[in-house]
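Below is one structure, written out as C-alpha cells; comments come after it.
The values are calculated or read from the model by the stated rules, or taken from the named source; none is laboratory data. Everything quoted here is computed from the prediction, not taken from an experiment. With ideal geometry, Cβ positions are generated from the backbone for all residues, glycine too; neighbour counts draw on all protein chains shown.
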Ligand SMILES: Nc1ncnc2c1ncn2[C@@H]1O[C@H](COP(=O)(O)OP(=O)(O)O)[C@@H](O)[C@H]1O
Ligand SMILES: [Mg+2]
C-alpha cells in the first residue's frame, strides 16, 4: 500500500463526504426547524438525480443549467409537500408523532414506485458533457473531475446556507425553531416559515442530487443508501446543526473510504455503523450537537 | 377602540370565559384585574387569536375573531404573554429585530428601536447577549420591546410585574404609561391591584370567567368591598 494510494483514498473520501454532508444538511435543516424527520429524503434525492439526468438527455446543456432548474423544482416540491401533507399531519389531534412518520414514509414509497413506473428499474447515468470521464491529475493522484466539481458545489451550497442563516429570513427560521407558538405574537405565520424551510431543505438535497448524478448511476432505489447515510450523519452531527452535518459528513466519507481500503470494499459501511453505534451509546446528542 | 361582545372561550369543553363584554377606548389604559384563575390570561389569548373564542371581537371596526393569531398581530393588536416567550437562544438584538420581521418591506421598520432604548436603556447595553441570560426584569423589558417593534396600536400585557422586585415593577408600570403617551392603547392584566389601578383609566374585575364589576379605575380602587369580595385583598 503506497502513500499515494492512501492519499488518493483520503481525498476521494473527502470529496464523497462533502456530498454526504449536503444531503444530511437538507434533512437536518427540516428536522431542526420542526422536529419532523423526512423519511422521503432519499426519494427527494432520487427525483433530483432523475431531473438532472432527464435535463441532460434532453438538452445536453450540462450542470450549469441543471442546477438552477432542479433547485427550483425541489424547492417547490418541498414546500408543496409541507403544505399538502405535513401541515395536515401536524394538525391531527392524536398520535401526531406516528402520523408524521407514516406520512413521509408513505410518500417515499410512493415516489419510489412512481419512478419505477415512469422510468423502469434500469440503472442510468449521465454520459458525455463537460465533467464526464475526465480527471484532475495532481502528482500521482487521479481525482475524477465530476467528483471534484460535486465537492466544490456542495461546499458553495454550505456557504450559501450559512449566508441565508444570517439574513432576516434565517433569523425567522431560528426563532420558529426556538418557539413555534411564539412567532405568531409578532405577526409571523409559522406555516409560511415551515413551508419555506421545507423548500430550502429540499432544494439543498436537490443540489446534492444534481452533482451526484454527474458521476453516480440513477435508479428508483438510489436514494435509499444515501438516505441511510444521511440519517447516520445527522445523528452524528447533532440534529439541526449545519456545521455538525458538514463535519459528520466528512467524517463518514473518510471512514467509509478507509474501511473499504483497509478491510474490503463490500464492507465499506461497517466502519460508519460502528461509529454510529458508539456515538449513540456514549454521546447520544451527537458529536457536534448542542441539544 | 377594541370591543368585545359576549366572548366565550373553553378548554376541552370546560368554559373559562362566560360571555365577556368590554371596551378599550383609543389612547386609554384599561386594566383587567381578578384573582388567580379568573380567566384574565384566557381573555387576552382569546383576543390575540391564541385560543379559539366565540362571540365578537372587533378592533377599529374590523373583526378579529376568526383570524389566526399572526394576523391579529399584523392588525396591530399585540400580546406580551405571561412567561414572556422570548427566543431564548437568540440575542437581544435579534429578538428586537424579529419584532419588525412582518414589516420587512418598510425602510423605517427599525425606527421603534429609538423608543425601546429610550424606555429601557439597559437593553441597549445587552444587545449581543442571549435573551436567556437576562434577568427577569430585563426579559420583561425585552418582551415589551419586541412587541413595540411590531408598531402595535393596542398592546396587551399579561402580568408584566410577575416575579419582579417592587422597584422594577414601578419601572415597568412607568414605562407602560409612557407607551400609552406615545399613542399606543394598553390593555393591562395585573394581579397587583393597587399598582395597576393607579395607572389605569378604566378597570374590569373578572371572577371565574365573568365581568363582575367595571368602571373608572379610581372608583374601583376606592371600593374596599370590591377588594374583599372579588380580589381577596
Ligand atoms: N391550557 C389550559 N388548559 C386547560 N385549562 C386551562 C388552560 N389555561 C387555563 N385554564 C383554566 O382556565 C381558567 C382561567 O385561567 P387563566 O385565564 O389562566 O386565569 P388567570 O390568568 O386569571 O389566572 C382556570 O380555571 C384555568 O385552570
Ligand atoms: Mg394569568
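In the set (1) within 16 Å of ligand 2 (Cβ to nearest atom); (2) over 24 Å from residue B:183 (Cβ atoms), residue B:32 fails one condition alone, (2).
The lone criterion from (1) assigned to a helix (DSSP H, G or I); (2) surrounded by fewer than 24 Cβ atoms within 10 Å (Cβ to Cβ); (3) at pLDDT 90 or above left unmet by residue A:220 is number (1). When residues in the range B:96-111 are screened for being facing chain A (nearest Cβ under 8 Å) and either at pLDDT 95 or above or surrounded by 20 or more Cβ atoms within 10 Å (Cβ to Cβ) (or both), 5 of them pass. Candidates are the residues of the range B:181-208 that are over 21 Å from residue B:1 (Cα atoms) and in contact with a strand residue (DSSP E or B) (Cβ under 9 Å, 6 or more places away or on another chain); the one that is nearest to ligand 2 (Cβ to nearest atom) is B:191. Of the strands (runs of 3 or more DSSP E) lying entirely inside the range B:5-95, those carrying at least 3 residues that are away from ligand 1 (no atom under 14 Å from the Cβ), closer than 23 Å to residue B:203 by Cβ and within 19 Å of the chain's Cα centre (by Cα) are B:14-24, B:53-59.
Would you point out which residue out of B:114, B:125, B:190, B:195 is modelled with pLDDT under 95, more than 14 Å from chain A (Cβ to nearest Cβ) and away from ligand 1 (no atom under 16 Å from the Cβ)?
On the way: B:114 fails: modelled with pLDDT under 95; B:125 fails: modelled with pLDDT under 95; B:190 fails: away from ligand 1 (no atom under 16 Å from the Cβ).
Going through B:114, B:125, B:190, B:195 in turn, the sole match is B:195.
Any chance you could count how many residues in the range A:262-283 are part of a loop (DSSP other than H, G, I, E, B) and surrounded by 11 or more Cβ atoms within 10 Å (Cβ to Cβ)?
Residues that pass the stated criteria total 2.
Counting only strands (runs of 3 or more DSSP E) that sit completely within the range B:139-213, those holding 3 or more residues that are in contact (Cβ under 8 Å) with a residue 12 or more places away in the chain, within 11 Å of the chain's Cα centre (by Cα) and buried (at least 21 other Cβ atoms within 10 Å of the Cβ) correspond to B:154-158, B:185-190.
If you go through the range B:54-91 and keep only what is within 16 Å of ligand 2 (Cβ to nearest atom) and either on the phi > 0 side of the Ramachandran plot or buried (at least 20 other Cβ atoms within 10 Å of the Cβ) (or both), you end up with B:79, B:80, B:81, B:83, B:84, B:85.
For the range B:142-157, what are the residues that are farther than 21 Å from residue B:90 by Cβ and more than 11 Å from chain A (Cβ to nearest Cβ)? Selection gives B:153, B:154, B:155, B:157.
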